[in-house]
1. By how many nm would the segment from N145 to S65 grow when fully extended, if each residue of separation counts as 0.36 nm and the alpha-carbon distance is taken off?
2. For segment 103-166, what does the accessible surface come to per residue with a 1.4 Å probe? Please give it in Å².
3. If I take all pairs of Cα atoms in segment 132-221, what percentage of them are more than 15 Å from each other?
Amino acid sequence: MIFSRSILSILIFSLVFSSALADGTRPTKAFHELFELNVGTAEGTFLKTLKLKSLVLYKDPDRNSPILHEVEYMNESSKYQSDFYELFDDKSGVYKFMGIYSRERRGDFYKVFYKGEYFWTHKSNYHRITKVENLILDPRGITANVNKIEFFKTPGGEVFTIPDSLKRYSENRTKKVDFLPKEYKWIDGVLWVKLSSEKGSCGAEGISYTEKLEFWYTPYKKGERPNYYYAYKSGC
């Protein structure tokens, strides 16, 4: 009887362990493949309290790896470089605003582009690191062009037909409409976000779209150009 219980315990443990492994590798499991690495600046203006002085680039994702570059945040005149982020633009089409972007993470290290090559940086080099889905789920809302983005009733399901009233509203708003993101799902390497026509905390007063709508769209697909916008670059 004791032997049978031991065998049963091992079988149960194996099933649970196998299930955990399967969940960890399943393509529908949430993962965070794109990160915004912020060194403390927005719109070219650095934080006054920023203590970081340079970005250290390693050969490998290891503190003991050779340091290949140290990119200073200040230029020769002791002013912060307004075009600092341009140095790390890999021309992938990622919307630049407040950070360097990384598509690969290993432990506390993030792989970044610099002068034609990719290097590794440690998380301690950054003021803030944000996952792409958290950029989207901003309570201030996000801005989208309803004439250029395809919307769906469900993630990967039937296409959502934009009503004429929303099209007219978008024309009066220079084709851009503010939406409130409600939730997200990762499915097979695709980030799906549910949008509502509700007004975000920075929505314009008195001219918001009144009909209640909800639909899904894909701001990011693994390996492809992102399709999302910040709602308000300079805050409310």
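1. Length gained, N145 through S65: 24.3 nm.
2. 51 Å²
3. 57 percent
The values are calculated or read from the model by the stated rules, or taken from the named source; none is laboratory data. Every value quoted in this text rests on a predicted model; they were computed, and no experiment measured them. These accessible areas exclude ligands, DNA and RNA; they are computed on the full protein's heavy atoms, side chains included. Shrake-Rupley method; radii C 1.70, N 1.55, O 1.52, S 1.80 Å.
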